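Let me begin by presenting the structure, written as structure tokens, before commenting on it.
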Amino acid sequence: MREGGGNISGQYFKMGEFAKICGVKKATLVHYAKIGLLPPCHIGENGYFYYQPGQIYDFEVISLLRAMSVPLEKIKYYMENAGISECREILRSQLNELKAQQQYLAQVEKTVERTLADIEEAKKLTIGKIEEITTEEDVYYSVYRMPYRTEQAAYDLKETRSLIRHCKEGFINSSINVSEVVLKENVLNGSFAKTYGGFRTDTKEGGNIFVRPAGTYLTMACYAGGDRIPDVYRQIKNYADANGYEVCGHAYEEDLLSHIVERDRDNYLVRCFIQVKAGNQRK
């Protein structure tokens, strides 16, 4: 019998010894005992916990299931009702959980990679110069209706905040940067009133998907934000009118370096686009 055994007989380990054999902290064993997951086989008059050698195998089962991220309450149920059927049930359930976690982490990884790519692209842009570009692929946005430009008016809308949370918590967005959409009619009438806010996404289906179609755009990157965005659109529209372009689609703004790296809300690095047809441009 190990030291401090009191009235018990046979081969026993005190908690410190048992913890060392199992490679775990004593605090973990205390917690397991408290929740009834792995109680000691005996508690001495001195308050010492004692474990039988066979409980090492119980700990190994617990440790293995914990490595599979099985919650402690499920492990406790399994330990109390161990059998082939129970084992199969808990492993099948956990396999589904792990696959869901993998999908989630894959989306998080994609979002981080896309955001880093945005930052690298931002470093290469010419600031304050209007340029014509041609895109070969459609760009998709998961959008929420936001007919107001002021921050307070927009963020008071419960539906808007719900959709923003839906995008962020579900990692529907492929980048953490925010985008906005100004409909063609508001480009032509000169109001540049914002109709949608949103995030780029790789998802092509859903009731809140807005497409920025492949095509020709006039675009400019600059430091702006909030109420200054319409001035950027206005510069691009004036350039289009002066150089023979015809506005044929909507306008879009994407934050390139936004609140994640820049605290001055009036000076985010943004890029604005207006879809155009190339007419008889003036040289």
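The values are calculated or read from the model by the stated rules, or taken from the named source; none is laboratory data. Note that the structure is a prediction, hence the values are computed from the model and not measured. Please note: Cβ atoms are built from the backbone with ideal geometry, for glycine as well, and neighbour counts cover all protein chains shown. Side chains included, ligands, DNA and RNA excluded: accessible areas come from the protein's heavy atoms. Shrake-Rupley method; radii C 1.70, N 1.55, O 1.52, S 1.80 Å.
Extension gain for GLU17-ARG92 works out to 23.5 nm (0.36 nm per residue, less the C-alpha to C-alpha distance). Annotation: extensible slack from HIS31 through ASN81 equals 15.9 nm (criterion: 0.36 nm per residue apart, minus Cα-Cα distance).
Using a simple spin-label model with pseudo-atoms 7 Å out from Cα toward Cβ, LYS277 and ARG66 lie 6.9 nm apart.
Taking the protein heavy atoms of the stretch 51-129 in the context of the full set of protein chains, the accessible area attributed to carbon and sulfur is 54 percent at 1.4 Å.
Indicate the gyration tensor shape class of the stretch 1-150 (rounded, prolate or oblate), computed on the Cα atoms with a ≥ b ≥ c the square roots of the eigenvalues: a/c under 1.5 is rounded; otherwise a/b larger than b/c is prolate and the rest oblate.
Working: a/c = 4.04, a/b = 2.95, b/c = 1.37.
The shape class here is prolate.
Tell me, what is the FRET efficiency for GLU131 and ALA106 to the nearest 0.05, using R0 = 30 angstrom and their Cβ-Cβ distance as r? The calculated FRET efficiency here is 0.30. Calculate I(q)/I(0) for the stretch 21-88 by the Debye formula, one identical point scatterer on each C-alpha and no solvent, and give its log10 at q = 0.18, 0.20 Å⁻¹ to two decimals. Log-scaled intensity ratios, in q order: -0.70, -0.85. The modelled label-to-label distance for the pair LYS124/TYR57, using points 7 Å beyond Cα in the direction of Cβ, is 6.1 nm.
The simple spin-label model puts a point 7 Å past each Cα toward its Cβ; for ILE209 and LEU183 those points are separated by 2.1 nm. Scanning residues 5 or more positions from VAL276 or on other chains, those with amide H under 5 Å from its amide H are THR216, TYR217, LEU218, CYS248, with H placed 1.01 Å from N in the peptide plane.
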